[in-house]
Every structure is written in structure tokens, then in C-alpha cells.
Amino acid sequence: MAGRDSGSKKTAYKPVSMSPKEYKAFAKSKEPPRSVLKNCLRAFLVGGFICLIGQGVQNFFMKVFDMTAKDAGNPTVAIMILLSVILTSMGVYDKIAQWAGAGSAVPVTGFANSMSSAAIEHRSEGLVLGVGSNMFKLAGSVIVFGVVAAFIVGIIYWVFGIGAWHDTSG
Amino acid sequence: MMDYVWAFLVGGAICIFGQLLFDVAKLTPAHTMSLLVVLGAAADGLGWYDPLIEFAGAGATVPITSFGNALVHGALTALKEDGWIGVITGIFQVTSAGVSAAIVFSFLAALVVRPKG
Amino acid sequence: MILQGRRTWVFPKPPVIIATGTVVGPDEGEGPLASEFDLVHPDLEIGQPSWEKSERVLLEQATDIALQNARLDKDKLDFFVGGDLMNQIISNTFAARTLGAPYLGMFGACSTSMESLAVASLIVSSGAGNYVMAGTCSHNCTVEKQYRYPTEYGSQKPPTAQYTVTGAGAAIVSRDGEGPVISAATIGRIMDLGIKDPFSMGAAMAPAAVDTIQGHLQDTGREPGYYDMIVTGDLASVGHPIAAELLQRNGVPMDQTDFKDCGLMIYDIQEQKVQAGGSGCACSAVVTYGHLLRRIRSGELKRVLIVATGALLSPLSYQQGESIPCIAHAVAIEASPNIEEQGGMGS
């Protein structure tokens, strides 16, 4: 084997020479298409269903505890978050999400899932450095951008003096 | 009864929008949720989100867009009551319940359960 | 002279794979190759308090099994060469601590199995060691946690995503002994054609596989037909057809051989929820050391070229908008030690 000359049958193949742009287009053409319609339908069904449950919880608080819709908002959100954390803890939320896509990610249950899944995952690194530092790994962007957006809206209102007519009682 | 129907339809529709951001715009969940929160905040800035809540109930309060709405509410209420400093002090007022609940429940969950893969 | 052509090592006295050890998790245990592995775990935790410790145990068990199969005491091991997907290849570090052998850590992502096997063969062939173990491992949950999302997070994986194999594979290479032999190894070079989507690894890695296969054939003067099978590591259902088409466009007669992929062999793609197919360091390792070597030992296959492919991105490089650089390392494993008779130049 050593020193055997492979020269007598030297096949030189064309090197891989597509440009990145060409290759990206080529790879994209080979990608299995996402079933957008099916995914949207599933997201609609699950998202709508989660909102249904939210409506039920809200109505419960309004009837049983004699709250207005506005007052019932806080305990409703808390219950939805609790339900999501329970499903995440049971190891079930991610399975639902593979089917439901945005239907389970967009409701506030998705927000709670992002926080509880991160907290649970990083428990192995301890409570402070693991759970504490990582809890907002995924939810952080939502909070940061929400706060910045609210701040900007607030500043615009203040600068243009719109504050007076905005109905903040709703 | 109708409140359930509208909650289902409007909530589902917002989720369809989210799904399109996933599949067509190819955004990550973090990008999608951040965008939805900002849209919720902007909608409330324009005065559109509260009427939607009147109409669709939980269909508008459950999706993450309502988090943006609530943040703006907090800022604007405090702006009206306390002047310009309210824009900073008020932001978390309305959402405090949600964020606190999420933190506390997540912490408790981390104490009690282990990930299952 | 071991170096032949641009980047291929052709071993004058082919090193022998005297023993292997393969350990897998529950999903692989439900796949078509379940009976080919030495140990199948029914759960992902493997009795450990963290995913990272579970991955370490997988590799320790695989190395143990390989040593037992070789009837070799771990003190007799000259070197341990290995790597994995974890930051600082920590799983291999701790396994090496347990083994106690002199340790060469390497990072090739999912190409580590053949990278480590190639280096182990070089050590043995050049007389730098006599018993060298090549090992690698991966775990679905550690990879999700480090590279993507917490395991309980509800994100929807696209159909191009791949499923990291939970498992570990170890092989002991020696100068003499009974077993399949390593006739040649081709070292890959980085290929990056601009793919940025970490959920589309197959497409990112395909050019690297093509480049290494072509480099191997050119350096050795062999034709694809020299091999009964050419297997890529984990291109899966998106990347493998891409590689096949690129090879065809470049005039490589792959129809002379059986062109397969470990990521498509380890799972039942239709039944199991694995999107495009398997990936991870363990994918090519367990399929090669478990299934393919068994078929070589039984005489079913005479010569196989295993082309393990790896995507060398980091979570940070992706966040910073970089594309995914990939690599592929190829190792030729043959049944008979008497390769001189068959000639190294194909038909």
C-alpha cells in the first residue's frame, strides 16, 4: 500500500463550486415544504381553545366572586399561568406545542411555559445560578421589548399631550 | 354564549397570525412573541386594543399581545396621575400579577419537578 | 508513506478494530437497529440527576463494554481519543478521567466518530501506540439545552430539523488482532456555503460530505464501486438527496455503490417523531460500530466508507448572524486484512 502510486488512474472530480447564493436557492428547492395551511388550522384550534378556557375562568370569577371584567383579569391570568406551569411540569406542554405551534406559544400560557421550562431545565445548576439566572432566558425579550414599546408610547403621549382623552379605565 | 364564540375566533385568529410569522416569515418564537407584544402596545397606543377586549373578551386578553396592552395601560394611567415620571413608574403596575405569578410558579416548579425531555 | 494524495492516509498495515461498545437511549431502542446495540436504556435520565451526567454515563458504559469485548484492562489502553457536542467536550473529559488513559480531546461535532477513529488509526499505524480507543457520545436533551431550547419548552420543530441521537460509541484500534480493518482515512476541510439556519443542518453539511467523498476517491484512485456501501453520518432526509445530486452533477458514479445515511438508518422516519432524521455524534458512531461492523464481521459487507459529517457552529455564532461551517471525515473499513490482493485502486 505504502508508496503505491494512484497516478495512473487519477480521476479529478469537479470541486463543489456553487456560490452561496446558488447553493441556498438549490437547498431551498430541496426543502420539504411546511404545511402552512395545516399548521394555521391547528394553531387556530388550539389557540382558540385556550382562549375559551380563559373566557371560562374569567366568567367564573365574575359570577362567583362578583367581579367586574377588569377585576377578573388578574386572577384569570394567574390561573392560566398556573395551568401552563402544571402542563410544563408534567412534560406535556412541549408535546402539545409540536402539534399546535403558535396556538400554544402565542397565548400567555406560552409565556409561562417559556419561563417554567427554563427554570426546570436549569435546576441542575442550582437555585441562584441555574434557576434564578436562566428563568428569563426566553421570556426576557418579550418583557424588554414590551417595556420599551410601552415607554415609547408613553413618551409620545406625554410629548403630544394626548394623555387626557385616553380611556385608562378599561 | 356569544362571548365564548368570539373569544375562540379572535384568539384563534391572533394565533394564526403568529403561525404565519413562524412558517412564512420564518421568525423564531422569541422574535414572534416580541413582535406581538410590540404590536399589542402599539394597538393600545392607537386606542384599538381596549375595544377589541370589550368585543372578544379572553380572545384578546389571553394572547401575549395583551401583555403589551397592559404595559401601555400602566404607563398611561401613571402618566395621567403623576405626570411624566409616570411613564417610568407605571409600566409594570397592571402586569404585576402576571409576571409575579409566572416567576413564583416557575420557581416552585423548578423545586418540585425535573425535566422529562 | 501514509499520506496519499492531498489529505488521505492509506495505512500500509491496516489497523484492526478489535472491539466496540455501543449504548443508546429509548428512541434508538424503538428504531429499526435496536437489536444491534450492546445496551439500550429505557429512559433518558439513566438514573442521573442531570442530562449532562446521563451523557457522561453513556460514554463510560460504551468504553467499558468495548474494553470487556476486547478482554483488555483499561490500564493497557495507550490513548483515548474522543469528543462530543458539549461545551469544552466535558462528557469526554469526565469519561477520560474515569478511564485514566492519556487523552486527546477533539471537536468535530457530529463528525467526531470518524475524526477520532482516523486519529486513533494514525497513532496505531505510525507505531505511536498499540491500543487506542476512539469514542464519542451525544444526548438529545443536553444538545437541546445547550444549542436550542430547554427540553420542556414548547417550540414547534420544522420538518427540516433533525433529532439528536442519545447514545455513545467506542472502538478500540490495535496493530494486531481479529476484526475489521481500517484501510484509509480522509481528513475533511471546512466547507461553508452560506446556510445559516441551524434547523437545516443537513443542507449545510451536504457540501462537506461531497467534498470529502470526492477528495477520498481522488486521493486513493478508488471508484465508488470499490465500496459495497458509502454511508454519510447524519445528512438525513434533506441533506442526503442534496449530497447525492451534487455528486451526480460532479460526475461521481455513486450508482456503483449503495449510498446511505446513518441518520436515516437509526430511526423509523415514518413512525418516529424525528422530523428529518437522526443527528448527533452518536448517530454515526453507534450505527457504524453496532450495525455496520456487525455486517462486515458476518461477511455481508466487505468494504464500507463512512463519511461522518459535522456542523461546527456555536450558539453564539448563529446569534451573531454567521453561517454554518461544516466538515466531513471519512474512514474506509474493510473486512479482509489482505487488501494487497484486491488492490487499492478499485476495479
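Quick look at the values:
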quantity: Residue B:47 in contact with a His (Cβ under 9 Å, 6 or more places away or on another chain) and within 21 Å of residue A:69 (Cβ to Cβ); calculated: yes
quantity: Selection within segment B:21-41 - surrounded by fewer than 23 Cβ atoms within 10 Å (Cβ to Cβ), hydrophobic (A, V, I, L, M, F, W, C) and within 7 Å of chain A (Cβ to nearest Cβ); calculated: B:24, B:30, B:38
quantity: Boolean, residue C:239 is in contact (Cβ under 8 Å) with a residue 40 or more places away in the chain, among the small types (Gly, Ala, Ser), crowded, with 24+ Cβ neighbours inside 10 Å and in contact with a Phe, Trp or Tyr (Cβ under 9 Å, 6 or more places away or on another chain); calculated: no
quantity: Residue in segment A:10-31 that is within 14 Å of chain C (Cβ to nearest Cβ), more than 30 Å from residue C:213 (Cβ to Cβ) and not aromatic (Phe, Trp, Tyr) present; calculated: no
quantity: When residues of segment C:306-330 are limited to those that are over 18 Å from the mean Cα position of the chain (by Cα) and of a type in the set (A, V, I, L, M), the one surrounded by the most Cβ atoms within 10 Å (Cβ to Cβ); calculated: C:324
quantity: Qualifying residue in segment C:112-131 (condition: more than 21 Å from residue C:76 (Cβ to Cβ), polar (S, T, N, Q) and modelled with pLDDT of 95 or more); calculated: yes
quantity: Pair list, Cβ under 7 Å, 6 or more apart: segment C:213-232 residue at positive phi, other residue assigned to a helix (DSSP H, G or I) and among the hydroxyl-bearing types (Ser, Thr, Tyr); calculated: C:221/A:6
quantity: Condition met for residue B:100 (surrounded by fewer than 24 Cβ atoms within 10 Å (Cβ to Cβ) and modelled with pLDDT under 95); calculated: no
quantity: Some residue of segment B:97-113 being part of a loop (DSSP other than H, G, I, E, B), β-branched (Val, Ile, Thr), closer than 26 Å to residue C:156 by Cα and out of contact with any strand residue (DSSP E or B) (no Cβ under 9 Å at 6 or more places or on another chain); calculated: yes
quantity: Residue match in segment C:268-283 (condition: more than 14 Å from chain A (Cβ to nearest Cβ), surrounded by 17 or more Cβ atoms within 10 Å (Cβ to Cβ) and of a type in the set (A, V, I, L, M)); calculated: yes
quantity: Filter result for residue C:260 (in a loop (DSSP other than H, G, I, E, B) and either under 21 Å from residue C:138 (Cβ atoms) or hydrophobic (A, V, I, L, M, F, W, C) (or both)); calculated: no
quantity: Which numbered condition residue C:257 misses (of (1) polar (S, T, N, Q); (2) crowded, with 22+ Cβ neighbours inside 10 Å; (3) free of Cβ contacts under 8 Å to residues at least 60 places away in the same chain); calculated: (2)
quantity: Candidate set: segment A:57-73, residues that are more than 12 Å from chain B (Cβ to nearest Cβ) and over 15 Å from residue B:54 (Cα atoms); chosen: the one surrounded by the most Cβ atoms within 10 Å (Cβ to Cβ); calculated: A:67
quantity: Residue in segment C:17-58 that is nearest to the other protein chains (Cβ to nearest Cβ), counting only those that are of a type in the set (Val, Ile, Thr) and over 22 Å from residue C:94 (Cβ atoms); calculated: C:40
quantity: Residue, farthest from the chain's Cα centre (by Cα), within segment C:214-239, restricted to residues that are more than 9 Å from every other protein chain (Cβ to nearest Cβ) and of a type in the set (Val, Ile, Thr); calculated: C:230
quantity: Flag if residue B:91 is aliphatic (A, V, I, L, M) and in a helix (DSSP H, G or I); calculated: no
quantity: Test: residue in segment B:52-68 that is among the acidic types (Asp, Glu) and either surrounded by 24 or more Cβ atoms within 10 Å (Cβ to Cβ) or more than 8 Å from every other protein chain (Cβ to nearest Cβ) (or both); calculated: no
quantity: Selection from segment B:75-104 of residues that are free of Cβ contacts under 8 Å to residues at least 24 places away in the same chain and within 21 Å of residue A:79 (Cβ to Cβ); calculated: B:92, B:93, B:96, B:97, B:99, B:100, B:101, B:102, B:103, B:104
quantity: Residue check for residue C:73: more than 14 Å from chain A (Cβ to nearest Cβ) and farther than 17 Å from residue C:121 by Cβ; calculated: yes
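This table checks each residue for (1) in a helix (DSSP H, G or I); (2) over 26 Å from residue A:59 (Cβ atoms); (3) among the basic types (Lys, Arg).
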position: B:3; (1), (2), (3): yes, no, no
position: B:19; (1), (2), (3): yes, yes, no
position: B:26; (1), (2), (3): no, yes, yes
position: B:38; (1), (2), (3): yes, yes, no
position: B:44; (1), (2), (3): yes, no, no
position: B:51; (1), (2), (3): yes, no, no
position: B:54; (1), (2), (3): yes, no, no
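The values are calculated or read from the model by the stated rules, or taken from the named source; none is laboratory data. Values in this document were obtained by computation on a predicted structure and should not be read as measured data. A quick note on method: Cβ atoms are made from the backbone with ideal geometry, for glycine too, and the neighbour counts reach across all protein chains shown.
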